[in-house]
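Participant: Let me begin by handing over the structure; questions about it come next.
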Amino acid sequence: MTQPSPADQLRTAAEKLRDYTEDLPGYLQGMAEPVAQWLDSWVRPDLDENAPWPDARHALAVARAITGDTT
């Protein structure tokens, strides 16, 4: 099975946040859309594991935590 690209991981996490916003505790519901937008802002074809931008690496780590990806 092929490992999803970083862009795919970010998109998947943003979609998951949007899909499950209502299931989140009330205090987190208001954060779901801004976090999803932040993840979407890092979707780009040239993004890889060793991105030179710390925020991009943080976005990937958050996306992986949301999706349960351990890679």
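The values are calculated or read from the model by the stated rules, or taken from the named source; none is laboratory data. This one's a predicted model, so the numbers in the text were calculated from it and none came from an experiment. Note that we place each Cβ from the backbone using ideal geometry, even for glycine, and neighbour counts take in every protein chain shown.
Participant: Pairs only if they're at least six apart or on different chains, beta carbon under 6 angstrom, first in segment 1-25 and under 17 Å from residue 55 (Cα atoms), second of a type in the set (Phe, Trp, Tyr); list them, first residue then second.
Facilitator: 10/42
Participant: Right, something else. Mind checking which residues of segment 13-71 are surrounded by fewer than 17 Cβ atoms within 10 Å (Cβ to Cβ), of a type in the set (Val, Ile, Thr) and either part of a loop (DSSP other than H, G, I, E, B) or touching a Pro at 6+ places or on another chain (Cβ under 7 Å) (or both)?
Facilitator: 70, 71
Participant: Small (Gly, Ala, Ser), at pLDDT below 95, part of a helix (DSSP H, G or I) and exposed (fewer than 13 other Cβ atoms within 10 Å of the Cβ): does that describe residue 7?
Facilitator: no
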